[in-house]
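Data first, discussion second: the structure below is written as structure tokens.
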Amino acid sequence: MNEPLLFSLITFAFLTTITPGPNNLMVMSSVMLFGVKRTLPHMFGIQFGFSILMVAGVLGLGELLVYFPWAHLFVQWAGAGWLCWLGLSFLKEAFRQHTSQGNKAPKKINRPFYFFEAALFQWANPKALILVLSSAGLYIDIADDIFVRTIFMVLVFVLVGLPCSFTWMLLGGTLNLWLGEASHGRVINIIMALLIFGLVAVILLN
């Protein structure tokens, strides 16, 4: 085990997972809409999906995509299509709240990401793909055995990624309290929809 390189990997993992990105922004927005408890499957799905992606990356995902470029293209368009549908559902919910009758605060009936949806999204997430392929190349000398290297890289990103995700969840909870429960639902639904459409543009342009 190359200990200096391991420390470098931990630093790299922290800097890349704490900074804003699709996963962090969507987790924050999910907490604002649905609360921490209902967002936990989304957060754990991110970690699971990213771990599978990291395993694939270290074991040769980059080489595989060279021989089968259509596979990446298929994942991109399938993920973009699903995200468009999800974004439209958030917009629909926002307008439903806008036209709701009475003085009662509109309910936020839209749902958070399921575990498997958050996991599958990692394969269409440009930041995750770039991060995995970069890590697999930069830290190839962290251990001679490829399986040991894979285990350490997955563990580092999970152990660093979970606290980073919790940080963004806490930020979402703080903003939720600051904005006020009765007034922000429609605004956050619109922001969530625009964020998702922005992700679609990023995915298709990469």
note = Placing each pseudo-label 7 Å from Cα in the direction of the beta carbon, L59 and V187 end up separated by a distance in nanometres of 4.7 nm
task = Subtract the Cα-Cα distance of L171 and E117 from 0.36 nm times their separation in residues, and report this length gain in nm to one decimal.
result = 17.2 nm
note = With DSSP loop assignment and no more than 16 other C-beta atoms within 10 Å, the chymotrypsin sites (Phe, Trp or Tyr not before Pro) in the stretch 108-140 are Y114
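Every read-out reported here was derived from the displayed coordinates using simple, explicitly stated rules and does not represent laboratory data. Bear in mind the structure is a predicted one, so any value in this text is a computation, not a measurement. Positions of Cβ are generated from backbone atoms using ideal geometry, with glycine treated the same way; all protein chains shown enter the neighbour counts.
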